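Taking it in order: structure first as structure tokens, then the write-up.
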Amino acid sequence: MKQTILLGGYTNRVNRGIAQITLDTEKKALEDYSLICELEKPTYLIKKEGDIYSCIKGGMVKIRNGQPEKRLSLEGASPCHISADPSRPFFYLSDYHQGTLYVVEETENALLERYRIAHQGSSVHPNQEKSHIHFAEMTPCGKYLLVCDLGTDEVYSYRPQEDGSLQEHFRVKLPAGFGPRHLTFHPEIPLVYVLGELSSQIMVLAADPGTGMLWQKQIIVMLPESFKDFNAGAAIRISADGKYLYASNRGHDSIAVFSVKENGLLQLEGHTPTCGKTPRDFALSPEGDFLVAAHQDSDGLTLFARDKMSGKLTLCQKEIYAPECVCVCF
């Protein structure tokens with residue numbers, strides 16, 4: 001079987017936009033890298049109904065058949081993350097530098113900004129001098145939008161309204177210096193796993209299905225005890241069966257592998273070197289039998305085979321050319 005992987009990235013040096021590469025599952029190989037659309041800084045992208053939606057420098061774009069079909073310009077914006085509302089025609093753009101969250105509606109002819117929120121606050125780390133919104137995504141129940149603010153050490157919960165506006169439901173204050181970057185959801189248990197970029201930790205939050213309230217259940221380190229050098233947590237993914245969770249370390253340059261207990265809490269099983277520098281993003285294949293890691297600073301992808309029973313990652317390929325790649329999307 002051959003699967004197409006989309007790659008987003010910076011365009012500061014040699015990359016020129018969104019690329020794609022093919023995973024041959026029988027050969028266990030990545031091949032046929034090619035640029036498919038020239039854009040400035042398509043640093044995060046998603047697929048929806050066959051089309052590509054990407055945040056770019058100055059806004060966002062919809063791509064159909066390899067060509068930009070709709071664009072939205074947001075003056076001064078440089079979003080770092082995009083997600084889609086599964087039941088409404090809205091997208092959520094997170095802008096780290098401005099501490100702003102944009103709600104964008106897709107109409108028949110255009111992408112339109114409908115609402116924006118600018119957070120206020122700070123915390124103890126030098127990178128937390130102000131709000132830095134890094135991630136926003138709807139909960140599996142479809143009722144709430146969870147927003148990670150790395151700068152204020154908070155996870156916000158909003159109720160999206162029909163007109164695109166957001167009504168704050170509550171916010172969870174995390175430990176000072178945690179730096180919430182991204183989060184993911186357990187596929188069966190009402191639990192949220194929040195990755196701390198600055199503390200290199202993962203926090204497990206329990207959710208009340210009735211009220212949507214969140215509270216801390218566990219906090220666990222992503223690094224070996226012996227590692228004392230610089231590190232920054234990056235991406236976090238959970239297997240479709242909810243049995244294993246993975247998180248990337250930039251500095252230690254590894255994937256931390258966690259088993260997920262029956263109650264949803266985590267146990268660190270070990271670390272797999274990613275064979276590259278700064279693994280900012282990675283993704284599991286749809287069947288869960290491969291993991292592809294992207295290295296921002298060494299311009300390469302690494303392919304691992306994944307054992308679904310043990311969660312173990314086995315190296316298949318490394319240093320596959322993909323310049324300035326920071327987003328992997330099957």
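Mind checking the full-extension length gain between ASP24 and ASN127? Use 0.36 nm per residue of separation minus the Cα-Cα distance, one decimal, nm.
Taking 0.36 nm per residue and subtracting the Cα distance, the gain is 33.0 nm.
As a test of the definition: which semi-axes, in Å, follow for the stretch 16-137 when you take the square root of five times each eigenvalue of its alpha carbon gyration tensor? Largest first, please.
Details: eigenvalues 152, 74, 34 Å².
With the √(5λ) rule applied to the stretch 16-137, the semi-axes are 28, 19, 13 Å.
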Problem set entry | Cα centroid separation, the stretch 95-134 to the stretch 289-330 (Å) | 29
Exercise. Say R0 is 25 Å: what FRET efficiency, to the nearest 0.05, do PHE230 and VAL14 get from their beta-carbon distance?
Worked result: 0.45
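Please report Rg over Rh for the stretch 287-330, where both radii come from the alpha carbon positions and Rh follows the Kirkwood definition.
Values: Rg = 11.0 Å, Rh = 10.9 Å.
In the stretch 287-330, Rg relative to Rh is 1.02.
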Problem set entry | Phi-based couplings in Hz for the stretch 325-330 (Karplus 6.51, -1.76, 1.60; Gly and Pro marked x) | 6, 9, 8, 10, 9, 6
For this session: Given the peptides 194-205, 225-236, arrange them by the average over their residues of other C-beta atoms within 10 Å, most packed first.
Result: 194-205, 225-236
For this session: Could you name the aspartates and glutamates whose alpha carbon sits less than 19 Å from that of LYS28, not counting residues in the same chain fewer than 8 places away?
Result: GLU287, ASP289, ASP307, GLU319
Problem set entry | Protection proxy ranking of 162-169, 97-104 - average other beta-carbon atoms within 10 Å, highest first | 97-104, 162-169
For this session: Using label points projected 7 Å from each Cα along Cα→Cβ, tell me how many nm separate LYS47 and LEU35, to one decimal.
Result: 2.2
Seminar exercise, completed: A correct Karplus calculation of ³J(HN,Hα) over the stretch 109-117, with 6.51 cos²θ - 1.76 cosθ + 1.60, θ = phi - 60°, whole Hz and x for Gly and Pro, returns 10, 7, 9, 10, 6, 10, 6, 8, 10
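Would you mind checking LYS47/LYS318; LYS173/LYS261; LYS2/LYS70; LYS41/LYS62 for any pair whose Cα atoms are more than 20 angstrom apart? Intermediate values should be presented prior to the final figure.
On the way: LYS47/LYS318 26 Å; LYS173/LYS261 25 Å; LYS2/LYS70 29 Å; LYS41/LYS62 14 Å.
With Cα atoms farther than 20 Å apart: LYS47/LYS318; LYS173/LYS261; LYS2/LYS70.
Could you grab the relative contact order for the chain? Cα pairs under 8 Å, six or more apart, rounded to a whole percent.
Values: 959 pairs, mean separation 37.6, N = 330.
Contact order relative to length: 11 percent.
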Seminar exercise, completed: Rounded to whole angstroms and listed largest first, the alpha-carbon spread of the chain along its three principal axes comes to 48, 45, 37
Seminar exercise, completed: Cross-link reach from LYS48 to aspartates and glutamates, straight Cα distance under 16 Å and at least 8 residues apart if same chain, gives GLU69, ASP85, GLU105, GLU106, GLU108, GLU137
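Read-outs throughout are calculated quantities, based only on the coordinates presented, and are distinct from any laboratory measurement. As the structure is a computational prediction, the values presented were derived from the model and not from experiment. Positions of Cβ are backbone-derived with ideal geometry, glycine not excepted, and every protein chain shown enters the neighbour counts.
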